[in-house]
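Q: For reference, the structure I am asking about is given below.
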Amino acid sequence: MRVLIVDDHAVVRRGLRAYLEFVDDLQVVAEAGDGQEALARLDAMAAQGELPDVVLIDLLMPKMDGAAATARITQRFTGVRVVVLTSFGEMERVHAALVNGASGYLLKDAEPTEVVAAIRAAARGNVFLSPAVARQLTQELVSPPTGISALTSRERDVLILVAQGRSNQEIADELVISERTARTHMSNVLRKLQLTSRTQAALVAVRQGLVPPRH
C-alpha cells in the first residue's frame, strides 16, 4: 500500500516515515507540508499513473488545512483514501473531516499499530476511528446534543452577534466570512434551536446567558 504523509512538522513526517517503512506491506511514496503541496504532489503522481492508496494527513496546517484538503483529494482522486492524524478530537472537527470524505480519524497519541491498522482499513474501503473519537460519536448517537450544546463554536458566535442586533453583513464582517456563509450559519442556528426568527434566537441567547439583556 502506497502512502503519502502530509504534516507541516518535518519531525512528525520523519517519524511516521521511519516507522511505516518497517511495515512490510506499506511504502511511503511522498511527503507534503500542507494541503496545497499535497494536491500538487497528487497531481504530479496522477500524471505518472502512480497515485498513493492512502493519504495520512494532519488537520491544522498553513495555506490549506487538512479538512479542506481532504474534501479536494476525495473529490479529485476518487480511488485515494484519506486518514486524518491530528491532535484535535473535538466533534466539530471530526464531523467536518468525515463529511469531507475521510476514511479514518486518529489522534496523535495513537499507538503506531493503530496508525497502520487505520491505513490498512482505509485501503480496503473501511473506516477506522480512534477509540476516543468512536466513543464520542457513539455517545452523540445515544443522546444527541440539543439546544445551545448542539451549536458549533462558529454558530454560537453568530448567535451572540445576532443577539447584539447585528445584520448578516455585519456578522460576516466581524467574523471575516462571506455574507452567504453568515446566512447559512444563521439558518443552522434557527434549525438546531427549532426557532423561526432572529428575535427568538436573540431571546434564547439572553436566556442562556450568552449576552446580557438589552435595555
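Just so it is clear, none of the values below were taken in a lab; they were calculated from the coordinates. Since the structure is predicted, the reported quantities are computational estimates derived from the model, not experimental observations. We place every Cβ from the backbone using ideal geometry, glycine too, and count neighbours over all the protein chains shown.
Q: Taking 8 Å as the Cα distance limit and 6 or more residues as the minimum spacing, I'd like the relative contact order of the stretch 147-207 as a percentage.
A: This gives 42 percent for the stretch 147-207.
Q: Label-point separation (nm) for residue 25 and residue 124, each offset 7 Å from Cα along Cα-to-Cβ?
A: My value for the distance between the label points is 0.7 nm.
Q: Can you run phi through the Karplus equation (6.51, -1.76, 1.60; θ = phi - 60°) for the stretch 207-212 and list ³J(HN,Hα) in whole Hz, with x for Gly and Pro?
A: Couplings: 4, 7, x, 6, 9, x Hz.
Q: What residues qualify as long-range amide H neighbours of residue 55, i.e. H under 5 Å apart, gap of 5 or more or another chain, H built at 1.01 Å from N?
A: Distant-sequence amide H within range of residue 55: 4, 81, 82, 83.
Q: How much length is gained if the chain between residue 10 and residue 169 is pulled fully straight, taking 0.36 nm per residue apart and subtracting their Cα-Cα distance, in nm to one decimal?
A: 53.2 nm
Q: Continuing with the same structure: Subtract the Cα-Cα distance of residue 177 and residue 40 from 0.36 nm times their separation in residues, and report this length gain in nm to one decimal.
A: Between residue 177 and residue 40, full extension yields an extra 46.7 nm.
Q: If you don't mind, another one. Quick check on the exposure proxy: order 8, 58 from fewest to most C-beta atoms within 10 angstrom.
A: Listing 8, 58 from fewest to most nearby Cβ atoms yields 8, 58.
Q: Order 81-88, 47-54, 117-124 from most to least packed using the mean count of other Cβ atoms within 10 Å.
A: Highest to lowest by the protection proxy: 81-88, 117-124, 47-54.
Q: Once phi is turned into ³J(HN,Hα) by the Karplus curve 6.51 cos²θ - 1.76 cosθ + 1.60 with θ = phi - 60°, what whole-Hz value does each residue of the stretch 129-135 show in order, with x for glycine and proline?
A: So the Karplus estimates, Gly and Pro as x, are 10, 4, x, 5, 5, 4, 4 Hz.
Q: While we're looking at this one, here's another question. If the chain were replaced by its equivalent ellipsoid, with semi-axes equal to the square roots of 5 times the Cα gyration tensor eigenvalues, what would those be, largest first, whole Å?
A: 39, 19, 14
Q: Find the relative contact order for the stretch 57-126 and round it to a whole percent, using C-alpha pairs within less than 8 Å whose residues are 6+ positions apart.
A: The normalised contact order for the stretch 57-126 reaches 31 percent.
Q: Then there is this: By how many degrees, 0 to 90 and rounded to 10, does the Cα axis of helix 112-123 deviate from the longest principal axis of the chain?
A: It works out to around 90 degrees.
Q: Subtracting the Cα-Cα distance from 0.36 nm times the residue separation, let me have the gained length for residue 208 to residue 95 in nm, one decimal.
A: Full extension of this stretch gives 38.2 nm more.
Q: Which order, highest average first, do 102-113, 177-188, 66-77 follow once you tally other Cβ atoms within 10 Å for each residue and take the mean per peptide?
A: 66-77, 102-113, 177-188
Q: To the nearest 20 debye, what is the magnitude of the charge dipole of the chain about its Cα centre, counting +1 on the Cβ of each Lys and Arg and -1 on the Cβ of each Asp and Glu?
A: 840 debye
Q: Please list, ordered by chain and number, the residues whose modelled amide H lies under 5 Å from the amide H of residue 28; skip anything fewer than 5 residues away on the same chain.
A: Distant-sequence amide H within range of residue 28: 3.
Q: Further, regarding this structure: When only C-alpha pairs under 8 Å and at least 6 residues apart count, what is the relative contact order of the chain, in percent?
A: 13 percent
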